[in-house]
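Take a look at the structure below.
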């Protein structure tokens with residue numbers, strides 16, 4: 001990382017003569033998003049969509065011969081709508097360099113923690129042409145405590161959650177963090193939750209806390225997610241209540257487009 005950079009270390013991945021520059025790509029993507037028309041208010045049944053560019057944190061692992069105009073290696077689309085008191089999520093993750101394509105569908109209760117309910121499903125594909133190029137995983141709760149997955153015909157018990165645990169998914173953080181922002185800041189020590197990472201890996205006693213506020217490249221509030229067995233991630237909330245940047249160990253999601261509002 002660049003010690004002289006004005007940008008926060010959690011999303012500062014400029015390296016030497018790297019071209020395209022990570023920071024320029026990040027700022028340009030956000031500027032393009034913010035010049036669009038403001039998001040509309042949300043009503044029941046209206047789909048809310050946030051589209052993110054995927055930027056690699058370590059470009060050398062992806063760089064190819066020849067000039068490349070964009071640093072983006074793929075797209076994440078987060079769609080959700082509220083129906084009959086539940087939030088219906090459809091998340092699509094596509095990495096054009098690895099050929100990985102994920103489609104995740106799940107439902108959450110209409111409370112700030114977005115607890116998972118009913119069944120969920122993950123469809124995964126890659127660019128291979130053998131029997132391992134596709135995988136389907138379906139999950140559900142038994143007795144509101146036991147997490148089970150049904151993977152290509154085999155059922156496995158992932159683990160159990162306590163009666164008071166708040167089981168949610170990292171792909172719901174795009175709504176969980178804006179909803180809990182004031183609570184997190186007021187707590188001083190963050191909030192504890194049980195995370196089902198990518199709807200597959202159970203991460204109990206994960207913690208969502210406040211990191212700090214920055215003014216560069218835009219006014220943003222930072223939040224962290226830590227937990228046993230979980231790589232840390234950093235989520236940056238803009239003044240409009242959108243997650244503008246979500247940075248994990250290997251890649252950073254940058255908001256490119258927003259359709260619909262996030263509040264009623």
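Take residue 121 and residue 226, extend 7 Å from each Cα along the Cα→Cβ direction, and tell me the distance between the two endpoints in nm.
Going by the 7 Å Cα→Cβ label model, 3.8 nm.
Over 10 Å intervals from 0, what percent of Cα-Cα pairs in the stretch 202-260 sits in each interval?
Calculated over all Cα pairs of the stretch 202-260, the distribution is 22, 49, 26, 4 percent.
Nearest 0.05, what FRET efficiency do residue 216 and residue 142 give at R0 = 35 Å with Cβ-Cβ as r?
Numbers: r = 48 Å, r/R0 = 1.37.
That pair, residue 216 with residue 142, gives E of 0.15.
Sort all Cα-Cα distances of the stretch 106-196 into consecutive 10 angstrom bins from zero, then give the percent of pairs in each bin up to the one containing the longest distance.
In order of increasing distance, the bins hold 15, 40, 28, 14, 3, 0 percent.
If each of residue 155 and residue 130 carries a label point 7 Å out from its Cα toward its Cβ, how far apart are those two points in nm?
3.0 nm
So what is the calculated 222 nm ellipticity per residue for the chain, using -39500 (n - 2.57) for each DSSP H run with n of 4 or more, over all residues, to the nearest 500 deg cm²/dmol? Write out the running numbers ahead of the final one.
Details: 2 runs with 28 residues, N = 264.
The helix contribution divided over the chain gives -3500 deg cm²/dmol.
For the stretch 9-259, what D do you get in µm² per second when you plug the Kirkwood radius from alpha-carbon pairs into Stokes-Einstein at 25 °C and 0.890 mPa s?
128 µm²/s
With a 10 Å cut-off between alpha carbons and a GNM built on the chain, which of 198, 144, 129 moves the most?
Judging by the Gaussian network model, the answer is 129.
Between the stretch 221-264 and the stretch 110-136, what is the separation of their alpha carbon centroids in Å?
Computed from Cα coordinates, the inter-centre distance equals 20 Å.
Compute the FRET efficiency between residue 103 and residue 69 as 1/(1 + (r/R0)^6), taking r as their Cβ-Cβ distance and R0 = 35 Å, and round to the nearest 0.05.
The computed FRET efficiency comes out at 0.80.
Measure of size requested: the Rg and Dmax of the stretch 150-264, with Cα atoms as the atom set and Å as the unit; please supply both.
In order Rg, Dmax, the Cα atoms of the stretch 150-264 give 15.3, 50 Å.
Go ahead and set up a Gaussian network model of the chain, Cα springs under 10 Å, then flag whichever of 139, 222, 128 fluctuates most.
Greatest mean-square fluctuation among the candidates belongs to 128.
Readers should treat all values here as calculations from the given coordinates under stated rules, not as data from a laboratory. Bear in mind that the values here come from a model prediction, so they are computed numbers and not experimental data. Note: ideal-geometry Cβ built from the backbone for every residue, glycine included; neighbour counts use all protein chains shown.
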